[in-house]
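These notes concern the structure reproduced below.
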Amino acid sequence: MSKKYILKFRPSAVEEPVTYCLIKEYDIRVNILRAEIYPGKSGIMLVELDANSIKLKQAISFLQHKDIEVIPFEKRIHLEIEKCVHCGACTAVCCTSALSILNEKSELVFTPDKCVACGLCVKACPLQLFQLQFEE
Ligand code: SF4
Ligand code: SF4
């Protein structure tokens with residue numbers, strides 16, 4: 001199973017090699033989606049951790065023992081499709097093909113299951129019809 005988490009590092013934990021430990025000691029596949037960490041200061045990281053539920057639980061416990069706050073994170077994209085003019089601008093930036101103009105009517109088709117909530121379509125839409133929604 002794969003889950004996304006926000007990791008909040010206090011200054012004392014910023015220089016800990018946590019990614020290395022997660023991979024080597026807990027056999028976790030780690031995908032760092034965003035990181036803002038400054039040596040000696042606090043930091044924040046958005047990661048996707050992939051492993052079985054037991055390993056994942058052990059890894060989270062390890063992080064918490066290192067004084068790292070672990071917050072489950074979900075985000076998804078909301079599209080006001082009823083206002084769409086089907087210009088196709090958003091399809092050019094969507095690398096997972098969650099957005100496509102494939103049907104006979106040349107209308108936009110949104111497939112939420114393919115969306116990885118990268119947010120690139122938010123800026124691409126001239127009508128600002130996309131909204132990133134965050135859920136902790
Ligand atoms: S958030 Fe990213 S993956 Fe999802 S629809 Fe927009 S561009 Fe595609
Ligand atoms: S960019 Fe906006 S208006 Fe154009 S197809 Fe995508 S959602 Fe519709």
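The values are calculated or read from the model by the stated rules, or taken from the named source; none is laboratory data. Small disclaimer: the values here were computed from a predicted structure and weren't measured. Neighbour counts run over all protein chains shown; Cβ positions are idealised from the backbone, glycine included. These accessible areas exclude ligands, DNA and RNA; they are computed on the full protein's heavy atoms, side chains included. Shrake-Rupley method; radii C 1.70, N 1.55, O 1.52, S 1.80 Å.
Taking segment 96-111 only, how many residues are in contact (Cβ under 8 Å) with a residue 24 or more places away in the chain and out of contact with any Ser or Thr (no Cβ under 8 Å at 6 or more places or on another chain)?
1
Is it the case, given these coordinates, that ALA98 is within 28 Å of ARG34 (Cα to Cα) and open to solvent by 50 Å² or more (accessible area, probe 1.4 Å)?
no
Per-residue answers, yes or no, for (1) open to solvent by 50 Å² or more (accessible area, probe 1.4 Å); (2) away from ligand 1 (no atom under 16 Å from the Cβ); (3) out of contact with any helix residue (DSSP H, G or I) (no Cβ under 6 Å at 6 or more places or on another chain):
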{"site": "TYR38", "(1), (2), (3)": "yes, yes, yes"}
{"site": "SER42", "(1), (2), (3)": "yes, yes, no"}
{"site": "ALA51", "(1), (2), (3)": "no, yes, yes"}
{"site": "LYS57", "(1), (2), (3)": "yes, yes, yes"}
{"site": "PHE73", "(1), (2), (3)": "no, no, yes"}
{"site": "ILE77", "(1), (2), (3)": "no, no, yes"}
{"site": "ILE81", "(1), (2), (3)": "yes, no, yes"}
{"site": "LEU102", "(1), (2), (3)": "yes, no, yes"}
{"site": "SER106", "(1), (2), (3)": "yes, yes, yes"}
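Give just the number: which of (1) part of a strand (DSSP E or B); (2) out of contact with any Lys or Arg (no Cβ under 7 Å at 6 or more places or on another chain); (3) among the hydrophobic types (A, V, I, L, M, F, W, C) does ALA59 not satisfy?
(1)
When both residues are 6+ apart or on different chains and their Cβ atoms are under 7 Å apart, which pairs have a first residue that lies in segment 112-126 and is without any contact (Cβ under 8 Å) to a residue 40 or more places away in the chain, and a second that is surrounded by fewer than 17 Cβ atoms within 10 Å (Cβ to Cβ) and not hydrophobic (A, V, I, L, M, F, W, C)?
Partner pairs satisfying both residue conditions: LYS114/THR96; LYS114/SER97; CYS115/THR96; VAL116/THR96.
For every residue, the table says whether it meets (1) outside any loop (DSSP other than H, G, I, E, B); (2) at pLDDT below 95; (3) not hydrophobic (A, V, I, L, M, F, W, C).
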{"residue": "HIS86", "(1), (2), (3)": "no, no, yes"}
{"residue": "CYS90", "(1), (2), (3)": "yes, no, no"}
{"residue": "SER97", "(1), (2), (3)": "no, yes, yes"}
{"residue": "SER106", "(1), (2), (3)": "no, yes, yes"}
{"residue": "ALA117", "(1), (2), (3)": "no, yes, no"}
{"residue": "LEU127", "(1), (2), (3)": "no, no, no"}
{"residue": "PHE134", "(1), (2), (3)": "yes, yes, no"}
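For residues that are assigned to a strand (DSSP E or B) and open to solvent by less than 60 Å² (accessible area, probe 1.4 Å), scanning just segment 62-71, find the one that is farthest from ligand 1 (Cβ to nearest atom).
By that ranking, first place goes to ILE68.
Read through the list (1) in a loop (DSSP other than H, G, I, E, B); (2) open to solvent by 70 Å² or more (accessible area, probe 1.4 Å), then give the number of the only condition that GLU16 fails.
(2)
Which residue out of ALA35, ALA89 is under 30 Å from LEU129 (Cβ atoms), more than 13 Å from the chain's Cα centre (by Cα) and not basic (Lys, Arg)?
Exactly one of ALA35, ALA89 is under 30 Å from LEU129 (Cβ atoms), more than 13 Å from the chain's Cα centre (by Cα) and not basic (Lys, Arg), namely ALA89.
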